[in-house]
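Take a look at the structure below.
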Amino acid sequence: MNYFYEPVNLKQWNMFDKVSGPGHLEPFLATQKMKIGDIVLLHVGTQDPEVMTGVYAWGVVKTMPEILLDEDRKDTDYCYGKLSVWVEVKEIVRSNPLIKQEDCRNIFNNAFRSVHKINEKGVKHLLKIMRF
C-alpha cells in the first residue's frame, strides 16, 4: 500500500460542504503509481483564514488511474480530462485537523501543488500519529 496527499483548494472545491461523510465517493487527481487500496490524505492549505492548515480527511483509492471523461462532469469537475482516481472518504473532520501543519511538515516531501506520493520517512511519521 502507498500513501499520497492531495492539496485541497477550498475555493475550487469546498470539501466541508461537498463531503457528506464516510463513504462519500469523489474523483481526485492521480499519479500513475496509484493503485486500488492506496490511502489519500486531503490537505487544506491557507486559502481561508477561518480554517487551520492541515489534513482534514483521508480516503481509499477505489479505481485505477484513468482520464476522467464523464460528460456530466465536464463543466463542473476540476478532474475532467485529467488523470484521476475515485476515492472513498473514510474519515472527515470539520473542526480541528486530523493532522496539524507541524506534523504535515514531517510527512509531506514536496510543495503543495498537486497529488504526491509520500516518501518512506514521511510514511513512518504518518503511521506514528494515525491509525488506518
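The values are calculated or read from the model by the stated rules, or taken from the named source; none is laboratory data. In this text, all values refer to a predicted model and were calculated from it rather than measured experimentally. Using ideal geometry, Cβ is built from the backbone for each residue, glycine included, and neighbour counts are taken over all protein chains shown.
Close Cβ contacts (under 8 Å, 6 or more residues apart or on different chains) running from residues in the range 16-40 that are farther than 20 Å from Thr53 by Cα to residues that are part of a strand (DSSP E or B) and aromatic (Phe, Trp, Tyr) comprise Leu25/Trp86; Glu26/Trp86; Pro27/Trp86; Thr31/Phe4; Met34/Phe4; Asp38/Tyr3; Asp38/Phe4.
Taking the residues in the range 111-121 that are buried (at least 16 other Cβ atoms within 10 Å of the Cβ) and under 16 Å from Gly54 (Cα atoms) as candidates, determine which candidate is modelled with the lowest pLDDT. Please lay out each step first, then the result.
Residues of the range 111-121 that are buried (at least 16 other Cβ atoms within 10 Å of the Cβ), as a first pass: 112, 115-118.
Subset that is under 16 Å from Gly54 (Cα atoms): 112, 115-116, 118.
Working: Phe112: 61, Val115: 83, His116: 83, Ile118: 91.
Once the filter is applied, the top-ranked residue is Phe112.
Considering the conditions (1) modelled with pLDDT of 90 or more; (2) buried (at least 16 other Cβ atoms within 10 Å of the Cβ), Asp17 is excluded by exactly one of them, (2).
If you filter the range 43-53 down to residues that are closer than 11 Å to Glu6 by Cα and buried (at least 17 other Cβ atoms within 10 Å of the Cβ), you find that the one that is nearest to the chain's Cα centre (by Cα) is His43. Of the residues making up the range 60-69, just one is loosely packed, with under 14 Cβ neighbours inside 10 Å, of a type outside the set (Asp, Glu) and in a strand (DSSP E or B), namely Ile67. All of (1) surrounded by 15 or more Cβ atoms within 10 Å (Cβ to Cβ); (2) assigned to a helix (DSSP H, G or I) hold for Ala57 with one exception: (2). Going through (1) closer than 14 Å to Thr53 by Cβ; (2) over 16 Å from the mean Cα position of the chain (by Cα) one by one, Lys124 falls short only on (1). Residues of the range 43-54 that are in a strand (DSSP E or B) and without any contact (Cβ under 8 Å) to a residue 60 or more places away in the chain: Val44, Gly54. Return a yes/no flag: does the range 21-42 have any residue that is part of a loop (DSSP other than H, G, I, E, B), under 12 Å from Arg94 (Cα atoms) and under 14 Å from the mean Cα position of the chain (by Cα). No, the conditions are met nowhere in the range 21-42. Of the set (1) at pLDDT 90 or above; (2) buried (at least 16 other Cβ atoms within 10 Å of the Cβ); (3) over 11 Å from the mean Cα position of the chain (by Cα); (4) within 16 Å of Val123 (Cα to Cα), all apply to Phe108 but (1). Of all residue pairs spaced 6 or more apart or on separate chains, those with beta-carbon atoms under 9 Å, a first member in the range 82-111 that is part of a helix (DSSP H, G or I) and a second member that is hydroxyl-bearing (Ser, Thr, Tyr) and surrounded by 15 or more Cβ atoms within 10 Å (Cβ to Cβ) are Gln101/Thr53; Cys104/Tyr5; Cys104/Thr53; Ile107/Tyr3; Ile107/Tyr5. Out of Lys35, Lys74, one residue alone is modelled with pLDDT of 95 or more and surrounded by fewer than 18 Cβ atoms within 10 Å (Cβ to Cβ). It is Lys35.
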